[in-house]
Structures are given as structure tokens and as C-alpha cells.
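Novice: One structure, pasted below without further comment.
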Amino acid sequence: MNSVFDYSGFLEETLQESRKHAERGQVASYIPELKKADPRMAGVALMTPQGLFEAGDSRVDFTLQSISKVISLLVALEQRGVEAVFSKVGSEPTGDSFNSIVKLETSEQKPLNPMINAGAIAVCSLIPGSSVEDRFARIADLLEKILGRPVEVDESVYKSEKETGHRNRALAYFLKDINGLEGDVEEVLDLYFRQCSILVNCADLARIGMFLATKGIGDDGTPIVSAKAVRLASAFMVTCGMYNGSGEFAIQVGIPAKSGVSGGILGVVPGQYGVATFGPALDRKGNSVVGISMLRRLSEVLDFSIF
Ligand code: DON
């Protein structure tokens, strides 16, 4: 794409065209605090070698939710190593919903991958530290290095999740029973709920996308995490990042991506762009309908697909 391409105009046009699809989705309601989101919100941001371009509600904060699974996976890979991570999680897509409990007992006694809730909770248990605060600081620290600013937790979402996360609690206690989770179960869950409640906006996610697109290099050109960890995380994003919608997303958009139930999607166009969308109305698989629509259009015009 040449440097005179009108990214801002293109993002605005894409956003206006896609936002009507919000009516096909529904805001997540299983975490009470998330029900308050306005389904009509829509934002998009694209980090390019020429800088950041954005449109719509790109500076509205929302919680990272499942997108945080990519960050904690990077921390665990860096601090505990590949072998330790793969001793607790597998590397296959599930074809089931993100919070499914069904395959836990049949899948070699470990969650099938680190992008589903069970796998992400197992990964959280690997993050070293003497307390939840200490462990959380390692996740926050990585994000702060990428974003160049301190990160905050949305306390009401965190409390809401902690109070109502019965299914995650069930997954975690089951993992503990099969030797799939290190340390204290409630402490690990607390860490997981906190990482899900970190506040970001589309501009932040596009920056994270660019960091992954450049194999772990920060804004100032210094490596923040190893290229190997980024390669593994990106592979998981392709195969499992959009849950049981990952296959269709690979065909329609064709990039490593990770969605979250608050409506964000983080996308990586290796070597080229970081991209992010926001739209709280979700499809039945838990992915933003407006976000997917925008990413399909962006992929078509900017030739995103890695395939
Ligand atoms: O575990 C949960 O329910 C949430 N905190 C995260 C789930 C999530 O974002 C799934 N994504 N689409």
C-alpha cells in the first residue's frame, strides 16, 4: 500500500458501513457489569509504519477480557519456558465455546489450548510471583512496556467477574484435581479475573498488534519479548484466537487475531500492521459482529491475509 493511501478516510468509511451490523449481535450478559455497554459503539485503529490511524470510538476504554490471554501466554513463555507451558496446555483448537468444560477430562488431562478459559487459567498458574499483586505486576509490566503508559484495572468489572465466575471456578478446581494448575486455585483465579479487567482502547490494541507484527519489538526498536514467544502466540491466535469461529475468520480475514467478550479484537498483520476493532455486540461465538465486518473489509482492501 503506497504512502498516499487515505487510511483515515478508508477507516471512517469502513466503520460507517459496518456499524449497522451491530443489530445482529448482543452485548455479553453473563458478566453483569458488561451488560451496561452500549451495543452501538464502534471503533477501529490501524498502526502502520506511517503512524496510527483511527475512526469512531477508538479511544473509548473497554476491558481486555480474553485478549489478555495472549499477554499472559507471552509472560509465561518468557518466564517459565516453552516446556513448562506445554506441560500444562495443548496446542489444538477445540471447536467448542470459550468457556466449555466438556473436553477437559478427555484431552490428555490438560486444556486443549491456552486461548480457551481453562487453558488461560492454567497458564496464569505458571506466572511466577510471591503474591497475586506480584504476579499481576509481570503482566502489567509487559503491557506497560508495549504501550508506554501505566495500565489500570476496571474495578467494577473485576468484582463482577470475581463474584459471578462460577464456571471459571469450576474449570480451575477441576484442573487442580488433575494436576493441571500450579499453586492456590483462588489466587490463580484472582489473577485471571484481574488480567481480564485491564482497561484498553483500540489505539492501545493496534499498538500491541504492531508489537506482535514486528516479532516483539517495542516502539523504540528494542526487543521486549523473544521472537519465538511471539511466533507461538501468533500461531495460537490463528488456530484458536476467535474460538470456534477461528476457521471462518481465517478464511474471511486471514490474520492472527484474538477477541474478547467486551467487544475488542486484536489483529496482527505480520511485518506490516497492528489492527484493532471495538464493538460490544457479539455473535453467538462471542466475537464482535461489527469488528469482524470491519476486519473483513480491511483485509479485502489492504490485502491482510497471510495465506
Ligand atoms: O473468562 C471469562 O469469562 C472472561 N473474563 C473472558 C472471556 C472472553 O473474553 C471470551 N471471549 N470472547
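Novice: Residue check, ASN117 against (1) away from the ligand (no atom under 13 Å from the Cβ); (2) open to solvent by less than 50 Å² (accessible area, probe 1.4 Å), all met but one. Which one?
Specialist: (1)
Novice: What tally of residues in segment 85-99 results from selecting those that are within 14 Å of the ligand (Cβ to nearest atom) and farther than 23 Å from ILE198 by Cα? First the steps, then the outcome.
Specialist: Start the filter on segment 85-99 by keeping residues that are within 14 Å of the ligand (Cβ to nearest atom), which leaves 94, 96-99.
Add one more test, that the residue is farther than 23 Å from ILE198 by Cα, and what stays is 94, 96.
Summing the residues that are within 14 Å of the ligand (Cβ to nearest atom) and farther than 23 Å from ILE198 by Cα in segment 85-99 gives 2.
Novice: Okay, moving on. Somewhere in segment 69-88, is a residue free of Cβ contacts under 8 Å to residues at least 40 places away in the same chain, crowded, with 16+ Cβ neighbours inside 10 Å, farther than 20 Å from PHE211 by Cβ and in contact with a helix residue (DSSP H, G or I) (Cβ under 8 Å, 6 or more places away or on another chain)? Let's see the steps before the verdict.
Specialist: So the first thing to find is which residues in segment 69-88 are free of Cβ contacts under 8 Å to residues at least 40 places away in the same chain, and the list is 81, 83, 86-87.
Keeping just the survivors that are crowded, with 16+ Cβ neighbours inside 10 Å gives none.
Within segment 69-88 (the criterion being free of Cβ contacts under 8 Å to residues at least 40 places away in the same chain, crowded, with 16+ Cβ neighbours inside 10 Å, farther than 20 Å from PHE211 by Cβ and in contact with a helix residue (DSSP H, G or I) (Cβ under 8 Å, 6 or more places away or on another chain)), the answer is no, since none of the residues qualifies.
Novice: Got a number for residues in segment 251-261 being assigned to a loop (DSSP other than H, G, I, E, B), of a type outside the set (A, V, I, L, M, F, W, C) and within 16 Å of the ligand (Cβ to nearest atom)? Don't jump to the end; show me each part of the working.
Specialist: To start, the set of residues in segment 251-261 that are assigned to a loop (DSSP other than H, G, I, E, B) comprises 253-256, 260-261.
So of that shortlist, the ones also of a type outside the set (A, V, I, L, M, F, W, C) come out as 254, 256, 260.
This time we only want the ones that are within 16 Å of the ligand (Cβ to nearest atom), so: 256, 260.
Residues meeting the conditions: 2.
Novice: Here's something else I'd like to know. Mind listing whichever residues of segment 208-223 are part of a helix (DSSP H, G or I) and in contact with a Gly (Cβ under 6 Å, 6 or more places away or on another chain)? Steps first, please.
Specialist: At the first step, the residues of segment 208-223 found to be part of a helix (DSSP H, G or I) are 208-213.
GLY209, MET210, ALA213, listed by residue number.
Novice: Can you find a residue in segment 37-53 that is among the polar types (S, T, N, Q) and either within 18 Å of the chain's Cα centre (by Cα) or open to solvent by 10 Å² or more (accessible area, probe 1.4 Å) (or both)?
Specialist: Checking segment 37-53: at least one residue is among the polar types (S, T, N, Q) and either within 18 Å of the chain's Cα centre (by Cα) or open to solvent by 10 Å² or more (accessible area, probe 1.4 Å) (or both).
Novice: Could you identify the single residue in GLU300, GLU248 that is within 16 Å of the ligand (Cβ to nearest atom) and surrounded by fewer than 19 Cβ atoms within 10 Å (Cβ to Cβ)?
Specialist: GLU248
Novice: Please find, among VAL4, VAL27, the residue that is away from the ligand (no atom under 16 Å from the Cβ), at pLDDT below 95 and β-branched (Val, Ile, Thr).
Specialist: VAL4
Novice: If the requirement is being more than 16 Å from the ligand (Cβ to nearest atom) and under 15 Å from VAL200 (Cβ atoms), which of these qualifies: VAL82, VAL60?
Specialist: VAL60
Novice: If you don't mind, there's one more thing I want to ask. State whether the residues of segment 274-284 include one that is surrounded by fewer than 23 Cβ atoms within 10 Å (Cβ to Cβ) and not in a strand (DSSP E or B).
Specialist: Looking through segment 274-284, at least one residue is surrounded by fewer than 23 Cβ atoms within 10 Å (Cβ to Cβ) and not in a strand (DSSP E or B).
Novice: Pick from SER246, SER305, SER299: which is in a helix (DSSP H, G or I) and either within 23 Å of GLN16 (Cα to Cα) or free of Cβ contacts under 8 Å to residues at least 12 places away in the same chain (or both)?
Specialist: Step by step, each of SER246, SER305, SER299 is checked, and only SER299 is in a helix (DSSP H, G or I) and either within 23 Å of GLN16 (Cα to Cα) or free of Cβ contacts under 8 Å to residues at least 12 places away in the same chain (or both).
The values are calculated or read from the model by the stated rules, or taken from the named source; none is laboratory data. None of the values given here were measured: they were computed from a predicted structure. Backbone-built Cβ (ideal geometry, glycine too); neighbour counts: all protein chains shown. Surface areas here come from the heavy atoms of the whole protein model, side chains and all, with no ligands, DNA or RNA. Shrake-Rupley method; radii C 1.70, N 1.55, O 1.52, S 1.80 Å.
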